[in-house]
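Take a look at the structure below.
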Amino acid sequence: MSEQQDEPVVCLPGERLCRSEDSIVLGIGTYEQNGYVYASKSGIVNIEDSGDKCQVVSVHKPGFHLTIPATGDVVTARVLVTTPKFAKCAIFCVRNVLLESSYRGLLRKEDVRETEKDRVDIYKSFRPGDVILARVINQLEQTFLLTTAENELGVVIAYASDYRKTRVPMVPVGWSEMQCPQTTIKEPRKVAKVLPESSINALK
């Protein structure tokens, strides 16, 4: 890990930060599980040198500024409710800016993907609790209309339906499926292509 970071690294709860090594010290907002360090809250990843050639990894909340999503912005949101026609979301990050309070987002069935829109199944694309990347396409009163109809947009963090037993984030095993690394349970999702395809293939 490098102490110097050109851009602030924003993380979400449950996001894997690095390997747990002898030279890594857990700081505020982190925990260790199965040989890796995870974020226990959303915020900015901070890495500081400590004594004995160690580095302290912590997560802290930055100073908040009033940020309103605009058309075309990529936002991070948590899925709250799913229905056959749409998913209701809470937007908590606009670009790389964490929000002090969330905005309401609505992702309609026809905006989930670019092709075969009539075959989209919301329940096979998102589940409540999923963290997604989406783009703002419009604003209706106090609600922002979202789309994931791009390869880089979709689910980035998800837990299996029995997550209370594992609480380990699933990993992509394709662009329409994720798998729990502990139970090996697979579930359908509209996966964001934030990893190179070679990495996804290696996980299969």
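Descriptive notes on the structure:
- Interchain or long-range residues, amide H under 5 Å from TYR36's placed H: SER20
- Cross-linked pairs LYS61/LYS186; LYS85/LYS193; LYS53/LYS190: Cα-Cα separations exceed 31 Å for LYS61/LYS186; LYS53/LYS190.
- Most mobile of SER20, SER50, SER161 in a GNM of the chain (Cα contacts under 10 Å): SER50
- Each residue, ASN138 and GLU177, gets one label point 7 Å from its Cα in the Cβ direction; the gap between the two is 3.6 nm.
- Taking all C-alpha pairs of the chain, those more than 24 Å from each other amount to 44 percent.
- Other-chain or far-sequence residues with amide H under 5 Å of ILE137's (modelled H): GLY72, LEU145, LEU146, THR147
- Stretch gain in nm, segment TYR31-VAL56, where the contour uses 0.36 nm per residue and the Cα spacing is subtracted: 7.8 nm
- Comparing ARG119, ARG135, ARG127 in a Gaussian network model of the chain (Cα springs below 10 Å), the most mobile by mean-square fluctuation is ARG119.
- Among GLU150, GLU32, GLU141: highest mean-square fluctuation, GNM of the chain, C-alpha pairs under 10 Å: GLU141
- Region 15-121: chymotrypsin sites (Phe, Trp or Tyr not before Pro) in DSSP loop, at most 11 other beta carbons within 10 Å: PHE64
- Loop-located GluC sites (Glu not before Pro) in region 37-136, at most 15 other Cβ atoms within 10 Å (DSSP): GLU114, GLU116
- In this simple spin-label model, placing a label point 7 Å from the Cα along the Cα-to-Cβ direction at both SER102 and GLU187 gives a separation of 1.6 nm.
- Computed over protein heavy atoms with a 1.4 Å probe, the carbon and sulfur contribution to the accessible area of region 74-194 reaches 48%.
- Relative contact order %, region 72-177, counting alpha carbon pairs below 8 Å whose residues are six or more apart: 25 percent
The values are calculated or read from the model by the stated rules, or taken from the named source; none is laboratory data. Given the structure is predicted, the values throughout are model-derived calculations rather than measurements. Here Cβ is always computed from backbone atoms with ideal geometry, including for glycine, and neighbour counts include all displayed protein chains. Just the protein is used for accessible areas: all its heavy atoms, side chains included, with ligands, DNA and RNA removed. Shrake-Rupley method; radii C 1.70, N 1.55, O 1.52, S 1.80 Å.
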